[in-house]
Amino acid sequence: MTSDALLDALVRSSFQVMGVLTRVGAEHDLSLTQLRVLGILRDRRLRMTELAAYLGLDKSTMSGLVDRAEQRGLLARGKNPKDGRIVDVFMTPAGLELAERVQEQIRRVLEPAIGRLDSRQREHLASLLELVATMPAARN
């Protein structure tokens with residue numbers, strides 16, 4: 001496969017997945033960025049600055065995003081258990097429940113595409129995508 005063909009396949013698959021994420025998020029009144037926040041905080045607590053860095057957002061934009069999610073009961077802020085001077089953002093039980101429902105819905109929608117792969121192919125694709133996903137951020 002040429003590098004152009006690889007790039008094309010990567011972009012097309014990214015568009016397909018982004019379309020699914022956007023549609024599923026919209027069904028739950030979540031923007032793509034809000035969906036990303038739920039995914040990031042699913043298994044951790046982060047400082048606002050850390051969360052903003054994950055998303056590539058400035059702190060004021062991040063504050064507004066967290067404020068709206070708090071109003072919906074999906075996120076909360078609280079003192080860091082190790083350092084009480086630090087405030088963490090974390091998911092509430094309602095946020096965790098929504099994140100699980102959304103993840104299951106995404107899994108169901110993507111299953112027809114993923115289901116064509118055998119277990120070895122799935123593992124191989126997952127490891128390759130992990131390499132791509134952990135690459136240094138591209139610079140213009």
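The values are calculated or read from the model by the stated rules, or taken from the named source; none is laboratory data. Source: prediction; values computed, not measured. Cβ atoms come from the backbone with ideal geometry, glycine included; neighbour counts cover every protein chain shown.
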**Request:** Just give me the residues in the range 47-102 being part of a helix (DSSP H, G or I), under 14 Å from the mean Cα position of the chain (by Cα) and not charged (D, E, K, R), in sequence order.
**Result:** L51, A52, A53, Y54, L55, G95, L96, L98, A99, V102
**Request:** Report, by residue number, each residue of the range 40-62 that is loosely packed, with under 15 Cβ neighbours inside 10 Å and of a type in the set (G, A, S).
**Result:** A53, G56, S60
**Item:** Count - residues of the range 50-67 that are among the hydroxyl-bearing types (S, T, Y) and under 12 Å from R36 (Cβ atoms)
**Value:** 1
**Item:** Conditions (1) in contact with a helix residue (DSSP H, G or I) (Cβ under 9 Å, 6 or more places away or on another chain); (2) farther than 28 Å from L125 by Cβ; (3) of a type in the set (S, T, N, Q); number of the one not met by Q103
**Value:** (2)
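Table: residues versus (1) of a type in the set (G, A, S); (2) modelled with pLDDT under 95; (3) touching a strand residue (DSSP E or B) at 6+ places or on another chain (Cβ under 6 Å).
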| site | (1), (2), (3) |
| --- | --- |
| E70 | no, no, no |
| P93 | no, no, no |
| L98 | no, no, no |
| R108 | no, no, no |
| R120 | no, no, no |
| M135 | no, yes, no |
| A138 | yes, yes, no |
**Prompt:** What residue, of A113, A53, A69, is without any contact (Cβ under 8 Å) to a residue 60 or more places away in the chain and either among the charged types (D, E, K, R) or under 22 Å from S14 (Cα atoms) (or both)?
**Reply:** A53
